[in-house]
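Take a look at the structure below.
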Amino acid sequence: MAHDPPTAEGLLGPLEYEVLRALWADSPASVPAVLERLNGGRGHEQQLAYTTVMTVLTRLHEKGLLDRTRRGRGYEYHPRYTEPRLVEHLGRREVDDLVDRYGRVALAQFASALHDADPELLRQLHELGDADDA
C-alpha cells in the first residue's frame, strides 16, 4: 500500500515552508531569485520585501536546514534535506528534545502509546524499523 510522502507543512512557519518549497523546486538560488519565485504568485499588496526573504533564508541557514555558498556579494542557498528527510530530521529532533526534557517519563509514554496504537500504525513502525536496518 503506497503512502503519500510526508510534508513539512505545519512543522515550520508558513513563510519558512514557502521558501523551502521554492528551493526544493529549483536550487541553488539567491535571495533575488527566491524573492521573484515567491512574489510571482502574489498580488501587489501581498508582495514580500527583499529583507523579509533574506531574513528567512538566513534563519533557515542558522537552523541548519539550508547550506549556502558565497556568490559575489551575496549567497546562493540550497536545502540540506529533501522534504521527507526534513520531516524525519525534525521528528527526530522533537523526540530527542522530549527525551532530554522528560527522560524516563517520555519513554514510558511512548511505550504506552505503542501498546494502545492502531495495528496499521504498528505495521508502519515495523516497516520503518526494517528500512532503518537495511
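The values are calculated or read from the model by the stated rules, or taken from the named source; none is laboratory data. Note that the structure is a prediction, hence the values are computed from the model and not measured. Positions of Cβ are backbone-derived with ideal geometry, glycine not excepted, and every protein chain shown enters the neighbour counts.
Tabulated values for the structure
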item: Residue selected from segment 4-34 under the condition in a helix (DSSP H, G or I) and of a type in the set (Asp, Glu), by the criterion nearest to Leu60 (Cα to Cα); result: Glu16
item: Selected residue (criterion: nearest to Pro5 (Cα to Cα)) from residues of segment 36-62 that are charged (D, E, K, R) and modelled with pLDDT under 95; result: Arg42
item: Residue list for segment 60-107, restricted to those being under 13 Å from the mean Cα position of the chain (by Cα) and among the charged types (D, E, K, R); result: Lys63, Arg80, Glu83, Arg85, Glu88, Arg92, Arg93, Glu94
item: Unique residue being out of contact with any helix residue (DSSP H, G or I) (no Cβ under 9 Å at 6 or more places or on another chain) and surrounded by 10 or more Cβ atoms within 10 Å (Cβ to Cβ) when the list is Arg104, Arg80, Arg70, Arg123; result: Arg123
item: Number of the exception - Gly64 against (1) free of Cβ contacts under 8 Å to residues at least 40 places away in the same chain; (2) not in a loop (DSSP other than H, G, I, E, B); result: (2)
